[in-house]
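Worksheet: one structure, shown below.
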Amino acid sequence: MAAKLDVSVISPEKLLFHGDADSIVVPGSEGGFGVYPGHTSLVSLLGIGVLEVRQGNKTKIAAIEGGFFEVRDNKVTILTDHGSLKEDIDLAAAQKALEEAEALPASSEKNTLVLKAKTRILAASR
């Protein structure tokens, strides 16, 4: 049997996912990267983006908003500041949050709020 990744995705609110995966795509703070079984040990900051956990022909999708990522001996731990699984995202609420964020005056906070809303919309739409 081929090696699998043992993946845990944890937010302060709840355990978002725990299970085996063939691969994952992680939104790192400097851009996305893939992880497969046998990946070298790594600790990284997470950015705001879409997390993909691939299990055979199925993909679990989540919106991730920062945090930390660690892989060691095929065990992946993702500790996110905030995360939502695709099926838990209210698309209408995310679109409303985007409209409200875009109406704010220019600032780094506005940019972050826009990015978070767009990420939730992207995750919900996949």
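The values are calculated or read from the model by the stated rules, or taken from the named source; none is laboratory data. Values in this document were obtained by computation on a predicted structure and should not be read as measured data. We place every Cβ from the backbone using ideal geometry, glycine too, and count neighbours over all the protein chains shown. To get the accessible areas, we keep the full protein, side chains included, count just its heavy atoms, and leave off ligands, DNA and RNA. Shrake-Rupley method; radii C 1.70, N 1.55, O 1.52, S 1.80 Å.
One residue is enough: does the stretch 56-74 have a residue meeting the conditions among the acidic types (Asp, Glu), in contact with a Gly (Cβ under 9 Å, 6 or more places away or on another chain) and closer than 18 Å to ARG126 by Cα? For the stretch 56-74, residues among the acidic types (Asp, Glu), in contact with a Gly (Cβ under 9 Å, 6 or more places away or on another chain) and closer than 18 Å to ARG126 by Cα: present. Among residues of the stretch 79-95 being among the small types (Gly, Ala, Ser) and crowded, with 19+ Cβ neighbours inside 10 Å, the one that is nearest to LEU113 (Cα to Cα) is ALA94. Quick check: is even one residue across the stretch 74-94 over 18 Å from the mean Cα position of the chain (by Cα), part of a loop (DSSP other than H, G, I, E, B) and either within 20 Å of LEU16 (Cα to Cα) or not basic (Lys, Arg) (or both)? Yes, the stretch 74-94 has at least one match. In summary, GLU52 fulfils each of the numbered conditions (1) over 19 Å from GLU13 (Cα atoms); (2) open to solvent by 30 Å² or more (accessible area, probe 1.4 Å); (3) in a strand (DSSP E or B) with the single exception of condition (2). Residues in the stretch 34-49 that are closer than 13 Å to ILE78 by Cα and surrounded by fewer than 14 Cβ atoms within 10 Å (Cβ to Cβ): VAL43, LEU45.
Identify, from the list LEU122, LEU113, the residue that is assigned to a helix (DSSP H, G or I) and under 12 Å from GLU65 (Cβ atoms).
Values: LEU122 fails: under 12 Å from GLU65 (Cβ atoms).
Sole residue among the options that is assigned to a helix (DSSP H, G or I) and under 12 Å from GLU65 (Cβ atoms): LEU113.
Contact annotation: residue pairs with Cβ atoms under 6 Å, 6 or more positions apart or on different chains, pairing a residue in the stretch 6-18 that is within 15 Å of ASP88 (Cα to Cα) and part of a loop (DSSP other than H, G, I, E, B) with a partner that is among the β-branched types (Val, Ile, Thr) and open to solvent by less than 60 Å² (accessible area, probe 1.4 Å), are SER11/THR80.
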